[in-house]
Amino acid sequence: MVAASPGSIRTTLQVWHRIECWLAVGCFALIATLLLIDVFGRELVGPVLRGIGLEIGAMGLFGSQKVSVYALIVGSFCGIGIATATGSHLVPRVGFGWTPDRWGPAVDRLADLITGCVLTTIAWYGLVFVQSSMETDLRAPALDWAVWPFQLAIPLGFLSAAGRYFFYALWPDTRPQSAAHQE
């Protein structure tokens, strides 16, 4: 018999999920705002000013497309944890039904543990990737910003999902229902 998760664990997972959701929403709102301003400047303000005789050059928002790409990276890697927290990620059906139903809970816990370990390994390699960017001082073209802070979303996204799987292995009642059960 597995002990129920303490209330503090459920609260931790809920706060963790809410932070990731807000970060993702903030990133995608930033993308929408920057690109709207950029298009508005290039397609409306620029032609109107040129129409009245003012030649002011390009009117798009400088760097908006580059900043949008970096916001997309952060927002997308938040999505890994969000999908894990909501049970909405794709699950291959290979191997389902290979074990007796009574083994289900133990197999699920083992699968969660293995998945957490695999995702931790991926996060490690993501961290190696970020470290190489730091060491070479890789910079964003035009903006001259260091890219590693944005790349840090890669290992953190995988680590977030891995952490959840470890929680699910310890406290199976914290695991969300699979998408098949949500329909």
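With respect to D137, determine if the residue is over 30 Å from R10 (Cα atoms), acidic (D, E) and free of Cβ contacts under 8 Å to residues at least 12 places away in the same chain.
Against the criterion (over 30 Å from R10 (Cα atoms), acidic (D, E) and free of Cβ contacts under 8 Å to residues at least 12 places away in the same chain), D137 qualifies.
What tally of residues in region 33-57 results from selecting those that are of a type in the set (A, V, I, L, M) and under 33 Å from the mean Cα position of the chain (by Cα)?
5
Could you say whether any residue in region 145-160 is surrounded by fewer than 18 Cβ atoms within 10 Å (Cβ to Cβ) and not in a helix (DSSP H, G or I)?
Within region 145-160, one or more residues are surrounded by fewer than 18 Cβ atoms within 10 Å (Cβ to Cβ) and not in a helix (DSSP H, G or I).
Just to be sure, is A106 part of a helix (DSSP H, G or I) and under 23 Å from the mean Cα position of the chain (by Cα)?
In short, no.
Residue by residue through region 95-151, note down the ones that are β-branched (V, I, T) and more than 16 Å from V69 (Cβ to Cβ).
Once the filter is applied, which keeps residues that are β-branched (V, I, T) and more than 16 Å from V69 (Cβ to Cβ), region 95-151 yields T99, V107, I114, T115, V118, T120, T121, I122, V128, V130, T136.
Quick check: anything in region 123-133 buried (at least 17 other Cβ atoms within 10 Å of the Cβ), in contact with a Leu (Cβ under 6 Å, 6 or more places away or on another chain) and part of a helix (DSSP H, G or I)?
Looking for residues that are buried (at least 17 other Cβ atoms within 10 Å of the Cβ), in contact with a Leu (Cβ under 6 Å, 6 or more places away or on another chain) and part of a helix (DSSP H, G or I), one finds at least one in region 123-133, hence yes.
Would you confirm whether or not region 150-165 contains a residue that is among the polar types (S, T, N, Q) and either out of contact with any helix residue (DSSP H, G or I) (no Cβ under 6 Å at 6 or more places or on another chain) or without any contact (Cβ under 8 Å) to a residue 12 or more places away in the chain (or both)?
Scanning region 150-165 turns up no residue that is among the polar types (S, T, N, Q) and either out of contact with any helix residue (DSSP H, G or I) (no Cβ under 6 Å at 6 or more places or on another chain) or without any contact (Cβ under 8 Å) to a residue 12 or more places away in the chain (or both).
Is region 3-10 home to any residue that is out of contact with any strand residue (DSSP E or B) (no Cβ under 7 Å at 6 or more places or on another chain) and over 30 Å from W103 (Cα atoms)?
No: zero hits.
Being buried (at least 16 other Cβ atoms within 10 Å of the Cβ), within 20 Å of the chain's Cα centre (by Cα), touching a residue at least 12 places away in the same chain (Cβ under 8 Å) and farther than 30 Å from A142 by Cα narrows it down to one of L13, L30, L23, so name that one.
On inspection, the qualifying residue turns out to be L13.
How do the pairs read when you match residues in region 38-63 that are surrounded by 14 or more Cβ atoms within 10 Å (Cβ to Cβ) and among the small types (G, A, S) with residues anywhere that are at pLDDT 80 or above and part of a helix (DSSP H, G or I), using Cβ under 6 Å and keeping only pairs 6 or more apart or on different chains?
Note: pairs meeting the criteria are G60/D38; G60/G41; G60/R42.
May I ask you to list the residues in region 91-109 that are in contact (Cβ under 8 Å) with a residue 40 or more places away in the chain and hydrophobic (A, V, I, L, M, F, W, C)?
V91, the sole residue that qualifies.
Could you pull out every one of the helices (runs of 4 or more DSSP H) wholly within region 1-90 that has 2 or more residues that are modelled with pLDDT of 95 or more?
Correct list: 7-40, 64-86.
Scan region 161-175 residue by residue and report those that are among the aromatic types (F, W, Y) and crowded, with 18+ Cβ neighbours inside 10 Å.
Y165, F167, Y168, W171
The values are calculated or read from the model by the stated rules, or taken from the named source; none is laboratory data. Since the structure is predicted, the reported quantities are computational estimates derived from the model, not experimental observations. A quick note on method: Cβ atoms are made from the backbone with ideal geometry, for glycine too, and the neighbour counts reach across all protein chains shown.
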